[in-house]
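The values are calculated or read from the model by the stated rules, or taken from the named source; none is laboratory data. Every value quoted in this text rests on a predicted model; they were computed, and no experiment measured them. We place every Cβ from the backbone using ideal geometry, glycine too, and count neighbours over all the protein chains shown.
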Amino acid sequence: MAQMVADVLVGVLEQIGVRQIFGLIGDSLNPLGDAVRRSKIEWIGVRHEEGAALAAAGQAKLTGRLGVCAGTTGPGSTHLVAGLYEAARDHAPVLALSGDMVTKLRGIDYFQTTEPDLLFRDVSLYTETITSAAQAPSVIHQAIAAAYAGPGVAHLTLPLDVMAAKAEGEVTSVATLRPHPEFAASAADITAIARQIDAAANIVIMCGNGCHGAADELRALSDRLKAPLNHSFKGKDIMPFDDPHWMGGIGMVGTKAVYNAIMHCDLLLMFGTDYPFSEFLPHKGAVIQIDERASVLGRRTPTALGVMGSVRPTMKLLLDQVAAKSDGSFFEHVTSERRKWDAMLDKQADPKRSRDRIHPQAVARAASDAAKRDAVFVIDTGLNTLWSGNWIRQSGSQRILASFNNCAVGTALGQANGIQALDRSRQVIALTGDGGFNMLMGEFLTAVHHKLPVKVVVYNNSSLGLIVLEAEGQGLPAFREAIEFPNPDFAAFARACGGHGFKAGQPDELRGAITEAFAVDGPAVVDCVVAADELPNMPHLDLKLAGHYAVAKIKEAVIAATGR
Ligand SMILES: Cc1ncc(C[n+]2csc(CCOP(=O)(O)OP(=O)(O)O)c2C)c(N)n1
Ligand SMILES: [Mg+2]
């Protein structure tokens with residue numbers, strides 16, 4: 001059979017190591033589907049295209065390699081868009097494919113008309129329609145190159161007639177389509193960093209996503225400088241929770257020990273992080289930032305020195321130049337503060353804390369304790385982010401992903417499905433609020449259908465819990481009618497889908513339910529009914545915010561008494 005343009009596209013994806021395409025087939029995607037059917041690539045049919053985009057994003061975020069998703073003409077592709085922000089905001093390379101009607105029907109308000117290149121404009125670094133067989137190879141190459149260069153989302157519109165047309169040539173320069181290699185900072189920059197480090201007393205090192213793979217160098221630098229290490233949420237999984245250098249996170253997924261250390265240090269080294277919340281960054285003292293991305297240098301807090309480079313090779317060179325410090329008192333102080341904070345976390349997570357209700361911290365801790373040493377955790381958005389983010393005790397070989405910069409509810413299961421498809425023997429655990437699970441619970445059917453044994457832990461508080469806190473933080477009473485909702489029996493739902501379902505309604509059921517769910521062969525849901533009134537820890541609470549909570553509480557009391 002003569003090659004179609006669709007075969008050219010699938011052929012290059014196969015060559016660069018893409019193993020799955022996540023999508024929902026339909027009219028204009030049929031030539032693509034046919035080419036996939038004849039290839040080594042697995043087609044993973046989802047229940048909602050947002051699930052396809054999330055799966056591709058999850059893969060790309062975990063591996064740094066291209067994830068691919070597809071939606072058909074019009075509505076099939078509009079459904080992709082929301083999920084693609086997960087890849088766009090977390091800068092992960094994804095190729096999104098939109099099927100489209102035959103070219104002769106464009107521009108006349110035909111059935112299912114959209115303008116995909118316009119629709120995908122904001123979420124994509126590159127978007128183009130393939131308009132002819134002759135143009136296809138170079139545009140396909142350019143799209144994948146753009147996704148890797150960002151990294152981010154590239155999008156192609158695929159008109160049905162062009163995809164089914166006879167191919168005119170293959171994609172060339174395939175070897176150029178790969179993640180970019182690490183590079184060290186310049187010698188002059190390294191000398192400048194070393195000079196400032198040598199002149200500073202109390203130093204803190206903040207480790208972001210760019211520090212993955214650099215744990216040994218980070219420990220060596222921490223020892224040399226007597227500098228505590230802390231991490232952004234994206235960096236939490238780099239080291240085991242009990243590594244003595246690793247003092248915990250910053251901000252709401254963070255510890256008071258780290259907040260105080262950052263506020264009182266003389267020099268903060270920001271390595272591979274674009275941590276966005278400036279209020280948790282130093283108000284005084286100096287900052288040096290090292291990152292591969294020139295555009296992130298200096299944009300979150302006043303920065304004395306911004307250096308372009310990848311963390312690992314830059315640190316290797318830096319270790320040859322910086323002098324050892326002898327005063328360990330700052331490090332020891334932060335260590336003792338961190339121990340106190342950890343003891344407080346342990347107390348809050350104790351399943352015996354209340355006899356009649358499960359505290360959400362205990363859910364996170366139970367999942368963490370039951371997880372395999374190389375498990376992948378995928379965390380959803382809401383109050384549950386804080387429970388999972390603060391109470392998981394990572395092993396150092398586990399991975400932790402979340403909707404980091406997109407902060408979108410309903411994203412964990414879809415991403416978990418994509419990650420699980422990469423290796424069905426690895427344990428993948430999605431931790432989600434009930435609001436988040438309800439949003440895309442149909443993607444549990446995708447897991448069952450494609451034998452993706454994801455484990456889903458649901459924090460069931462019958463509420464969009466974080467919104468209570470957000471409203472009160474703005475001095476507004478919580479709008480209960482908008483925030484609270486009834487849930488189905490999630491365990492029964494899981495069984496009805498063909499998966500396994502477990503429920504923990506009382507503290508003494510929690511560990512058993514989670515352990516059993518993690519042990520079963522195949523996808524499982526654990527419905528954990530948790531206390532809805534639990535408040536997260538605030539490593540930093542200013543007077544203005546405290547005042548807003550107080551005002552909101554008074555308004556809520558008045559509503560309770562008067563009904564208005
Ligand atoms: C897609 C999306 N819609 C709405 C929001 C705003 N939002 C942030 S957290 C949250 C509540 C999530 O509720 P749930 O999943 O039950 O988690 P909980 O806070 O109860 O743990 C909402 C609606 C968002 N971030 N993303
Ligand atoms: Mg909830």
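Annotations for the structure displayed:
- Residues of the range 449-468 satisfying the condition of being assigned to a helix (DSSP H, G or I) and near ligand 1 (Cβ under 9 Å from one of its atoms): Gly465, Leu466, Ile467, Val468
- Unmet criterion (only one of (1) polar (S, T, N, Q); (2) in a helix (DSSP H, G or I); (3) without any contact (Cβ under 8 Å) to a residue 60 or more places away in the chain) for Thr172: (2)
- For Asn438, the stated conditions do not hold, so it cannot be described as of a type in the set (S, T, N, Q), within 16 Å of ligand 1 (Cβ to nearest atom) and more than 18 Å from Phe490 (Cα to Cα).
- Any hit, the range 476-488, residues being closer than 21 Å to Leu545 by Cβ, away from ligand 2 (no atom under 16 Å from the Cβ) and surrounded by 15 or more Cβ atoms within 10 Å (Cβ to Cβ): yes
- Single match in Ala531, Ala552 (criterion: in contact with a Pro (Cβ under 8 Å, 6 or more places away or on another chain), at pLDDT 95 or above and over 30 Å from His449 (Cα atoms)): Ala531
- Pair list, Cβ < 8 Å and 6+ apart or interchain, from the range 343-355 residues that are over 13 Å from Leu510 (Cα atoms) to residues that are among the basic types (Lys, Arg) and assigned to a loop (DSSP other than H, G, I, E, B): Lys347/Arg353
- Residue in the range 371-389 that is nearest to ligand 1 (Cβ to nearest atom), counting only those that are assigned to a strand (DSSP E or B) and touching a Gly at 6+ places or on another chain (Cβ under 7 Å): Ile379
- Selected residue (criterion: nearest to the chain's Cα centre (by Cα)) from residues of the range 399-412 that are within 16 Å of ligand 2 (Cβ to nearest atom) and more than 20 Å from Asp374 (Cβ to Cβ): Ser403
- Here Ala471 passes the criteria (1) modelled with pLDDT of 95 or more; (2) within 16 Å of ligand 1 (Cβ to nearest atom); (3) part of a helix (DSSP H, G or I) except the one numbered (1).
- Test: residue in the range 455-474 that is more than 16 Å from ligand 2 (Cβ to nearest atom) and aliphatic (A, V, I, L, M): no
- Against the criterion of being modelled with pLDDT of 95 or more and surrounded by fewer than 20 Cβ atoms within 10 Å (Cβ to Cβ), Gly298 qualifies.
- In the range 506-537, the residues that are in a strand (DSSP E or B), out of contact with any His (no Cβ under 8 Å at 6 or more places or on another chain) and not acidic (Asp, Glu): Val526, Cys528, Val529
- Of everything in the range 344-370 that is closer than 23 Å to Asn230 by Cβ and surrounded by fewer than 22 Cβ atoms within 10 Å (Cβ to Cβ), the residue that is nearest to ligand 1 (Cβ to nearest atom) is Gln348.
- Restricting the range 421-436 to residues that are more than 16 Å from ligand 2 (Cβ to nearest atom) and free of Cβ contacts under 8 Å to residues at least 60 places away in the same chain, the residue that is surrounded by the most Cβ atoms within 10 Å (Cβ to Cβ): Val428
- Unique match (being at pLDDT below 95 and either of a type in the set (Phe, Trp, Tyr) or away from ligand 2 (no atom under 14 Å from the Cβ) (or both)) among Arg373, Arg355: Arg355
- Any hit, the range 315-328, residues being within 24 Å of Phe280 (Cβ to Cβ), among the hydroxyl-bearing types (Ser, Thr, Tyr) and either buried (at least 19 other Cβ atoms within 10 Å of the Cβ) or assigned by TED's automatic domain parsing to the domain that holds Leu268 (or both): no
- Test: residue in the range 109-117 that is in contact (Cβ under 8 Å) with a residue 12 or more places away in the chain and touching a helix residue (DSSP H, G or I) at 6+ places or on another chain (Cβ under 6 Å): yes
- Within the range 510-539, considering residues that are acidic (Asp, Glu) and touching a residue at least 60 places away in the same chain (Cβ under 8 Å), the one nearest to Met247 (Cα to Cα): Glu534
- Restricting Gly418, Gly442, Gly396 to those that are at pLDDT 95 or above, more than 16 Å from ligand 2 (Cβ to nearest atom) and under 17 Å from Thr63 (Cβ atoms) reduces the list to Gly418.
- Residues (in a loop (DSSP other than H, G, I, E, B) and over 21 Å from Val376 (Cβ atoms)) located in the range 423-448: Gly442
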